[in-house]
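What follows is one structure encoded as structure tokens, with my remarks underneath.
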Amino acid sequence: MGEVFTAAVLVAVVASAIRLAVPLLLASLGETFGQRSGVLNLGVDGIMLLGAFAGYYAVLKTGNVWLGLLAGAIVGLFLGLASSFIAVTLKAEQGISGIGVYLFGLGMSDLLFQKLVGTPIPINTFPKVDIPILSDIPYLGPMFFQHSTVVYLAFAAIPVSTFIINRTTFGMNIRAVGEYPEAADTLGVSVAGTRWAAETIGGTLAGIAGGVLAISLGIFQQNLTNGAGFIAIALVYFGAFTPLGIMWGALLFGAINALVLELKTLEIIPRDLSNLAAMAPAIITILALAVVARRIRAPAALTKPFTRGH
Amino acid sequence: MTDRSSPILEMKGITKRFPGVLANDNVDFDVYPGEVHTLLGENGAGKSTLVKILYGLYPADEGEVLIDGEVVSLDSPTDAIEHGVGMIHQHFMLVPTLTVAENVSLGLKSSRGALTDLKAVSERILELSNEYGLDLDPSAVVWQLSVGERQRVEIIKALYRDARLLILDEPTAVLTPQEVDQLFVTLRKLTDDGRGLIFISHKLHEVLALSTRITVLRRGAVTGQIPVEGATRESLANMMVGRAVKLTPDKLPAEPGEIALKVQDLIVMGDRGVIAVDGLNLSVRRGEILGIAGVSGNGQRELAETIAGLRQSESGTIEVAGIDVTGARPRKIRDAGLAYVPEERMREGAIGDFTVWENLLLIDYSSPEYLRSGFFKFGAIKEHSQDLVDTFDIRTPSLETSCGSLSGGNIQKVIMARELSSSPTVLVASQPTRGVDIGAAEYIHRRLIDTRNELTDAEFIHAKLIEHRNACTAILMISEDLDEIFGLSDRVAVIYEGKIMGIVDPETATREEVGLMMAGITTTNA
Amino acid sequence: MNRITKLAILIAVFALVAAACGSDSDSGSDSGGDGFRVAIVAPSASNDLAFTQSMVDAVNSLKDSGVVSEVAITDGTFVPEDGATAIRDYASDGYDLVIAHGSQYGAFLPEIAPDFPDVSFAWGTAADTYGLPNVFSYEAASDQGGRVMGIMAAALSQSDVVGIVGPIEVGDAKLYVDGFKAGVLVGKPGADVPVNYIDSFSDVALASEAATSLIGAGADVLSGTAQMVVGAITVAKADGVLWFGTQANQTSLAPEIVVASQVYHWEGILEEIVSNVKGGTLGGELYSITFANGGLVIEYNDDYPLPDDVRELGDNAVKAFEDAG
Ligand SMILES: Nc1ncnc2c1ncn2[C@@H]1O[C@H](COP(=O)(O)OP(=O)(O)OP(=O)(O)O)[C@@H](O)[C@H]1O
Ligand SMILES: [Mg+2]
């Protein structure tokens, strides 16, 4: 067994884990903003799908991956606004309206793809950018410093998000309206405004996550996300509603998948155990959630619409 | 410093309707600089509604508000804050997961633009806390603070915004006597500065001690406005309720019977993993009320919960009516004859979303009287519920009203009605009248004394074998209100750090004596 | 905002959702033929360049030749229960033949088919009619094309490592993968043929990582089956690794690296099924497309400079199957 875990395998697993983690990480970070403000958006996967299609289509038409990312972001922004309108202004039942957004994104992205594209055509993908000097470090270089720019940006988004949530007045308002909106309201903090902003950030990041996924894969297909948006929601709990926790969760999820894939390639997992191995990511995630979730308290006002005087 | 001859605030002809309720009925109210103007009234009289209108939380249906002589529109708390109005709510408006400084700075413009300026805020908080004697750590997270400390945060919040008119809606309801004294010192400093205070409380001695003027509301309308000079507890109570109120209930001497509740060497852990009840012993006889006095947080809550079977003990025994119920499930303990009125009315005593009749039925729902092969017998249930509503004077629009929308006093009556309808051998009542108005408190007190004297043992009533007093209820009453303790108890046990410091006779003991014991100091004769 | 407005907005939103979701079923108009109506229910998109497209193309060509008059398609029903609902709907709409194109729909047929004794059902890819008189089953001998292309892959590989990306180890996918692997080993007995079943038909990202992993293990030729392999093909393209496709011609995805594709032509057996139904036999038979009956075809990418000797290896292997069949 020893020679199996060669340095090359380890490098491959880590690099693959990071790639798999990035879309989850971005979507999950976005969802964190929303949830910290008290809004649960179950429609993340739908927004990701439409963001993925928009990103794919823009790159297909222009050839420019950054325009694709922008298209994903814009679609996410509008769907974030729509989700805010439904959840915050209409005060819809969040567990249900989010599913509506998901189904909308699932159906609409496929419809647009069929009408506008039809047969899948590969597009340009994000170029890999080796970070000078660092990428030359043996082992660590190929693991961490030979990725595309979006990977670096996604990881940079973690400290930025932490900073926004903990150190800015906007972040403080988000935490306040997610925990005790009545108190924030009595001090003149706009509960609806803060939630709109947080939820729209969430939508935008979900759109970006979808765009990143499609442009990284260089292709679009019906249900391209394959439920990644729902895993992103679970990761918010797993990560205890903190960007850093979410990063570890996304990496863990990516790492388990990458490891299982690598073991299959190396044919270490006996064929008849392959099904079991396939369930490993799910099982480990559920176990981790069950263990971690015991110590985590969700924002007290999560899913609760706010009306002054109640 | 301020011109004290013209009012800061004038509210004229304020009317506010909620569906089915006239919460404020053409109310006139004003506040002058440097005065404490108290609002007094029964639960549901409309006190909170009036001040919430002032704070921009509800729009008034009619009437106008003038601040410094100018008509203002108060559409949101932001408007109110801009006009120098600050409010300390009946329920704390603090975000538990934020620090003191964060809570204070919420909603304010930061000197650092988009970034928080907690350092500057903390410095100002320390300045204010020095000036007004409000001891606080700005970096502490609010959920870790005691109730008294949270209140200080609320006051600092208002002062930080330079409130000239401060509303205090039942600020003392959850404070210990010492904390109340401390609060009053601070409040007097505020009026010395020329600020105006609106004070709401059900505790008449506090009202008399603090107020300059008193306005009494009944069913939304002003029924009187008097200066504090010449007012007495009795006169205020009469104005509130509209009839003479007995503030100290009459009671006959107890005739204690056999021991019905016996607690021996009880040790219980608190939520934070430290010992809360520490080898406690007590016994209560049928036909007597044992009052447990003490500052909150000395194990009262854990003691009551353990007796009711809601918390596990580490060691020791509990007997109800001679049956060992240590560690038994709540249902079993109830079957042994225990009834329980918990401290947290809305969290443990009643289910807010359930209707009045459902709450009245919570314990008995499976009795054959109300249930036939899995289905409720609505006729019998409604009849029984209406009986209880009538006998316990529960003021509710209907049996179908959700319990959460009733006033505190009426919720407490629902709980009492439910618990007493089972004719218990032992009744454990925690803070039975906290936050409850005088009329309702009077009623609850009378009910407790009646229960002490009532025959509850059905077997006895038929067989008439034992002495009369052996058929009455034993009552363990836990309270932080010394008036209540002295007014009702036949014996007073003082609890301190989970132990009984001593048991005194309320007829002979003094408040000072009990107060010292509450602080952990034993007097020689105790 | 009042309740009516809220309601109106919500209804509008859900109408949009319904429009978006429902739009993937469309039906052609009646034209010619003797009124024979065929419906297809399939798990992926009609133009997936793979499994679903192969059947949609076949039925449409029967329509063009006038054998059937009307074609209805519900695609993208990757949730089997949704597919079952669509199958039942078509049956009760009186379609003459309902094609349940996906092995995952099979479990529902014993519940549905007996309720519609006048409707014929065709189910694939599978080799089981559940003993029902109105169910045909069909499969592709995809192992044949797998073997042919495996032999060519072995010849083209310099590293002697040929990787395969698979979905779940069942049915058509397993047949193909096993055939391809066997072919490689025939070509180069000492070759290494790692197979990576990613346990999903739809996870494109995982398929892409599986391809990366296989390339990392030294593979310079890849193949794979099911609709998620688009992710693997783009990786192969980026890394300049050769690709053999199956189920449909995948050349358009990556003209630089696709060598050849095994393509399914269901027209032949479908025509037989239709004439059976017209003749009153509504089921009970098993069909398989093979090189011999013309159902399997290897389509080469003309842009790829395939050495003649390798092409010959492939042609010979096909011929062997044709002769044997
Ligand atoms: N948001 C609301 N919706 C409907 N009715 C309300 C609302 N708020 C208060 N009420 C009703 O208005 C009346 C006045 O309530 P309010 O809270 O002002 O009483 P209060 O004098 O503060 O009582 P307490 O001493 O119990 O605090 C009550 O009948 C109450 O049930
Ligand atoms: Mg009130």
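The values are calculated or read from the model by the stated rules, or taken from the named source; none is laboratory data. It should be emphasised that the depicted structure is a prediction, and the values quoted were computed from it without experimental measurement. Don't worry about glycine lacking a Cβ; one is built from the backbone with ideal geometry, like all the others, and counts go over all protein chains shown.
Structural remarks
- Residue pairs whose Cβ atoms lie under 8 Å apart, separated by 6 or more positions or on different chains, with the first residue in the stretch B:27-55 and within 14 Å of chain A (Cβ to nearest Cβ) and in contact (Cβ under 8 Å) with a residue 60 or more places away in the chain and the second away from ligand 1 (no atom under 15 Å from the Cβ) and part of a loop (DSSP other than H, G, I, E, B), are B:L54/B:L74; B:Y55/B:L74.
- Scanning the stretch C:244-269 for residues that are more than 19 Å from C:F291 (Cα to Cα) and among the acidic types (D, E) yields one hit, C:E256.
- Given (1) of a type outside the set (A, V, I, L, M); (2) surrounded by 21 or more Cβ atoms within 10 Å (Cβ to Cβ); (3) at the interface with chain C (Cβ under 9 Å from one of its Cβ atoms), number of the condition A:G227 does not satisfy: (2)
- Apart from one condition, C:Q247 fits all of (1) surrounded by 24 or more Cβ atoms within 10 Å (Cβ to Cβ); (2) over 20 Å from C:F78 (Cβ atoms); (3) more than 10 Å from every other protein chain (Cβ to nearest Cβ); the exception is (2).
- Number of the exception - C:I164 against (1) farther than 30 Å from A:A15 by Cβ; (2) crowded, with 24+ Cβ neighbours inside 10 Å; (3) among the β-branched types (V, I, T): (1)
- Positions within the stretch B:228-243 being away from ligand 1 (no atom under 16 Å from the Cβ) and on the phi < 0 side of the Ramachandran plot, in sequence order: B:V228, B:E229, B:A231, B:T232, B:R233, B:E234, B:S235, B:N238, B:R243
- Of B:I381, B:I415, all but one fail to be of a type in the set (A, V, I, L, M) and under 22 Å from B:N43 (Cα atoms); the exception is B:I415.
- Of all residues in the stretch A:155-187 being in contact (Cβ under 8 Å) with a residue 24 or more places away in the chain, assigned to a helix (DSSP H, G or I) and of a type in the set (F, W, Y), the one that is nearest to the other protein chains (Cβ to nearest Cβ): A:F170
- Residue check, B:D265 over 30 Å from B:H37 (Cα atoms) and not in a loop (DSSP other than H, G, I, E, B): yes
- Among residues of the stretch B:17-31, those that are within 13 Å of ligand 1 (Cβ to nearest atom) and within 16 Å of B:P59 (Cα to Cα), counted: 9
- Considering the stretch C:216-231, the residues that are β-branched (V, I, T) and closer than 15 Å to C:D199 by Cα include one that is nearest to the other protein chains (Cβ to nearest Cβ), namely C:V229.
- Pairs linking a residue in the stretch B:152-174 that is under 17 Å from B:G56 (Cβ atoms) to a residue that is in a helix (DSSP H, G or I) and among the charged types (D, E, K, R), with Cβ atoms under 8 Å and 6 or more positions apart or on different chains, are B:D169/B:K47.
- Hey, B:L54 more than 8 Å from ligand 1 (Cβ to nearest atom), touching a Phe, Trp or Tyr at 6+ places or on another chain (Cβ under 9 Å) and under 28 Å from B:D193 (Cβ atoms) or not: yes
- Among residues of the stretch B:25-53 being within 21 Å of the chain's Cα centre (by Cα) and either assigned to a loop (DSSP other than H, G, I, E, B) or outside the structural domain of B:D193 (by TED's automatic domain parsing) (or both), the one that is farthest from ligand 2 (Cβ to nearest atom) is B:E42.
- Matching residues, the stretch C:213-244, being in a strand (DSSP E or B) and either surrounded by fewer than 24 Cβ atoms within 10 Å (Cβ to Cβ) or in contact (Cβ under 8 Å) with a residue 60 or more places away in the chain (or both): C:V221, C:L222, C:S223, C:G224, C:L242, C:F244
- Filter result for the condition that a residue is part of a loop (DSSP other than H, G, I, E, B) and in contact with a Lys or Arg (Cβ under 7 Å, 6 or more places away or on another chain), over B:L247, B:L252: B:L247
- Residues of the stretch B:57-84 satisfying the condition of being away from every other protein chain (no Cβ under 14 Å), within 16 Å of ligand 1 (Cβ to nearest atom) and charged (D, E, K, R): B:E62
- Residue match in the stretch B:486-497 (condition: in a strand (DSSP E or B), of a type outside the set (G, A, S) and either within 20 Å of B:K251 (Cα to Cα) or outside the structural domain of B:I292 (by TED's automatic domain parsing) (or both)): yes
- Taking the listed residues C:A205, C:A254, C:A260, C:A232, the one that is aliphatic (A, V, I, L, M), within 19 Å of A:G218 (Cβ to Cβ) and touching a strand residue (DSSP E or B) at 6+ places or on another chain (Cβ under 6 Å) is C:A232, with no other qualifying.
- Among the residues making up the stretch B:11-24, none is within 14 Å of another protein chain (Cβ to nearest Cβ), away from ligand 2 (no atom under 16 Å from the Cβ) and of a type in the set (A, V, I, L, M).
- In the stretch C:98-212, counting only helices (runs of 4 or more DSSP H) that sit wholly within it, the ones holding 1 or more residues that are within 19 Å of the chain's Cα centre (by Cα), more than 14 Å from chain A (Cβ to nearest Cβ) and at positive phi span C:171-187.
Conditions tested, residue by residue: (1) out of contact with any helix residue (DSSP H, G or I) (no Cβ under 6 Å at 6 or more places or on another chain); (2) within 16 Å of ligand 2 (Cβ to nearest atom); (3) among the aromatic types (F, W, Y).
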site	(1), (2), (3)
B:R150	yes, no, no
B:I167	no, yes, no
B:T186	no, no, no
B:G224	no, no, no
B:A231	yes, no, no
B:V241	no, no, no
B:L252	yes, no, no
B:I259	yes, no, no
B:K262	yes, no, no
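- Of B:P424, B:P432, all but one fail to be in a loop (DSSP other than H, G, I, E, B) and either without any contact (Cβ under 8 Å) to a residue 12 or more places away in the chain or surrounded by 24 or more Cβ atoms within 10 Å (Cβ to Cβ) (or both); the exception is B:P432.
- Of all residues in the stretch A:94-147, those that are more than 7 Å from every other protein chain (Cβ to nearest Cβ) and surrounded by fewer than 13 Cβ atoms within 10 Å (Cβ to Cβ) total 11.
- Of the residues B:M93, B:M87, the single one that is within 14 Å of chain A (Cβ to nearest Cβ), in a strand (DSSP E or B) and either more than 15 Å from ligand 1 (Cβ to nearest atom) or not basic (K, R) (or both) is B:M87.
- Only helices (runs of 4 or more DSSP H) whose full extent lies in the stretch B:127-227 are considered here, and none of them has at least 3 residues that are among the β-branched types (V, I, T), modelled with pLDDT of 90 or more and within 16 Å of ligand 1 (Cβ to nearest atom).
- Qualifying residue in the stretch C:78-96 (condition: in contact with a Leu (Cβ under 8 Å, 6 or more places away or on another chain), surrounded by fewer than 23 Cβ atoms within 10 Å (Cβ to Cβ) and in a helix (DSSP H, G or I)): no
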